[in-house]
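Visitor: Attaching a single structure in structure tokens format; questions to follow.
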Amino acid sequence: MKILAAVDFTPRGTAAAQVAVDLARRIQGSVELVHVTGPRAADILAVAADAGVLDEGARADVDARLAAERDRLARGDVPVTVHVCDGENEPSILRRAQAVDADLIVVGSHGRSALRRFLFGSFGDDAVKVANRPILVLPPEVDRLGATEGAGRPLRLTVALDGRAGGGASIAFARELADRTPCDVTFLRLYWAPEEYLRLGLTGPRDLFEPDADVVADLDRQVRLSLGFFPGSGTTSIVVEPAWGDPATKIVDFARERGADLVIVGAESRHGVARIKHPAVAAKLAHASAGIPVVFTPAKEGSAPGKTVPAIHSVLAPTDLSPESNRAIAFAYSMVAAQSGIVELCYVHERALAAPAYVYERTEGKLSAEERARLEGRLRELIPRDAEERGITTHVTVVDGGRAGEAIVQASERLVVDAIVMASHGKGGALRAILGSVSHAVVERSRRPVVVIPSVDR
């Protein structure tokens, strides 16, 4: 792994170089120390009488100081090189990282006040916004990596996830570290309770401030699927918790309680309604992470599509038990027949729910136990006779309450299916405008592929 450390000859720059070497030593990597001579210094020299002499003297001084820093840090097991750039800090550092194909950039945060950040800017802040590779921001209180207990123990990582694209890059970076050095990794999945209750169609009353068993089970499963096989000789754990207040503070407090050496988070990570109303969590983390270095991993844009054909192992087949709707069920079974899979037969009993449904419970129109059993029996009657012989497992679900389109999408989230197969009743024009279309609502809302079987009368 190639690590590029920005050095400005301040205590924070020195600390950034030291942490870069500490990390490189653990992962058998190399370090390049980069110093940028800014344009302001060049402008001052240009108006001086002895501009050429001063410029040569300034460059010689920079070279000497970089060489001294290299000699201080260089050990036989960590190759350290130096490089000098001319220009603006952020673009110069990022261009150099691109040129040498650095895997990580390390910068020191100077911890300026809000006013000074506004007036003078912050290299760490600006780099995080535009970097196209992981960048480690070192807070003022830290000058070594895991210095209190030495390098003998596993590296402790807290990887903060929120279900967005940046999480994949964070997992990939943690995976690379764990593949190179022993790491104890904790994946922290924060969630916004109302958002998850709505996504899963969970009804109340529920405690908004305590971890919800249904949400935890679903998100834990999602994280495990995204992790797959995780390498390394250390431990791996997943913690799912609701986030109230400032998510950045929650992440830092969690990492501090566990003695984390590094926090890893997506550079564009947002959480719940904060995705719309508040700045990125990453921007706050750059200033909230007192005592803990933070690695920001930008989501990779324009990635190539998968080279493997996605397999369909489970299918949700919703039906209103009408002949038109039941036509789609055979197609649902055909999608999993070749590799043996699961078909989730689903019926939605539409009725008005309380608002919000996860706080209040409304019993008007609720199915009795006998009515639910009767509907489940009708669903089982729709199972093809040869389904079991083909190795296809069938589950039946009756959803009691809500609008059909929304309830079907929520059921697909709870049941974690690979696709939805449903029939279109062929409503169009003015009739569709009046009655709406369940299939259209599902297609519009679903995060999963939806196969719509057209009506026979089209």
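The values are calculated or read from the model by the stated rules, or taken from the named source; none is laboratory data. Keep in mind the model is a prediction, meaning the values are calculated, not measured. Here Cβ is always computed from backbone atoms with ideal geometry, including for glycine, and neighbour counts include all displayed protein chains.
Visitor: Since Pro79 meets every condition but one in (1) at pLDDT 90 or above; (2) surrounded by fewer than 16 Cβ atoms within 10 Å (Cβ to Cβ); (3) within 20 Å of Asp261 (Cβ to Cβ), which condition does it not meet?
Guide: Of (1) at pLDDT 90 or above; (2) surrounded by fewer than 16 Cβ atoms within 10 Å (Cβ to Cβ); (3) within 20 Å of Asp261 (Cβ to Cβ), only one is false for Pro79: (3).
Visitor: Considering region 168-200 alone, what residues qualify as being buried (at least 23 other Cβ atoms within 10 Å of the Cβ) and closer than 18 Å to Glu413 by Cα?
Guide: Hits for region 168-200 are Leu190, Tyr191, Tyr197.
Visitor: Okay, moving on. Take Glu344 and tell me if it is outside any helix (DSSP H, G or I), in contact with a helix residue (DSSP H, G or I) (Cβ under 7 Å, 6 or more places away or on another chain) and not assigned by TED's automatic domain parsing to the domain that holds Pro205.
Guide: The answer is yes for Glu344.
Visitor: Scan region 223-249 for residues that are surrounded by 18 or more Cβ atoms within 10 Å (Cβ to Cβ) and more than 24 Å from Arg26 (Cβ to Cβ) and jot them down.
Guide: Val223, Val240, Pro242, Ala243, Pro247, Ala248
Visitor: Taking Ser226, is it of a type in the set (S, T, N, Q), within 23 Å of Pro298 (Cβ to Cβ) and assigned by TED's automatic domain parsing to the domain that holds Ile292?
Guide: It is true that Ser226 is of a type in the set (S, T, N, Q), within 23 Å of Pro298 (Cβ to Cβ) and assigned by TED's automatic domain parsing to the domain that holds Ile292.
Visitor: Please enumerate the residues belonging to region 214-223 that are within 13 Å of Leu161 (Cβ to Cβ) and either under 13 Å from the mean Cα position of the chain (by Cα) or among the small types (Gly, Ala, Ser) (or both).
Guide: Leu219, Gln222, Val223
Visitor: Next up: Is at least one residue of region 124-133 modelled with pLDDT under 90, farther than 29 Å from Arg224 by Cβ and in contact with a Gly (Cβ under 7 Å, 6 or more places away or on another chain)?
Guide: no
Visitor: Having 1 or more residues that are modelled with pLDDT under 95 and of a type in the set (Asp, Glu) is the bar; report the helices (runs of 4 or more DSSP H) wholly within region 380-453 that clear it.
Guide: So the answer is 404-415, 438-445.
Visitor: Still on this structure, I have one more. Which numbered condition trips up Thr394, out of (1) in contact with a Phe, Trp or Tyr (Cβ under 9 Å, 6 or more places away or on another chain); (2) on the phi > 0 side of the Ramachandran plot?
Guide: (2)
Visitor: Another question, then. Assess whether Glu196 counts as being within 21 Å of Pro247 (Cβ to Cβ), modelled with pLDDT of 85 or more, in a loop (DSSP other than H, G, I, E, B) and not assigned by TED's automatic domain parsing to the domain that holds Leu94.
Guide: no
Visitor: A further question follows. Looking at region 219-242 only, could you name the residues that are among the β-branched types (Val, Ile, Thr) and either over 15 Å from Arg156 (Cα atoms) or in a strand (DSSP E or B) (or both)?
Guide: Passing the criteria: Val223, Thr236, Ile238, Val239, Val240.
Visitor: Against the definition (surrounded by fewer than 18 Cβ atoms within 10 Å (Cβ to Cβ) and in a helix (DSSP H, G or I)), how does Glu364 come out, yes or no?
Guide: no
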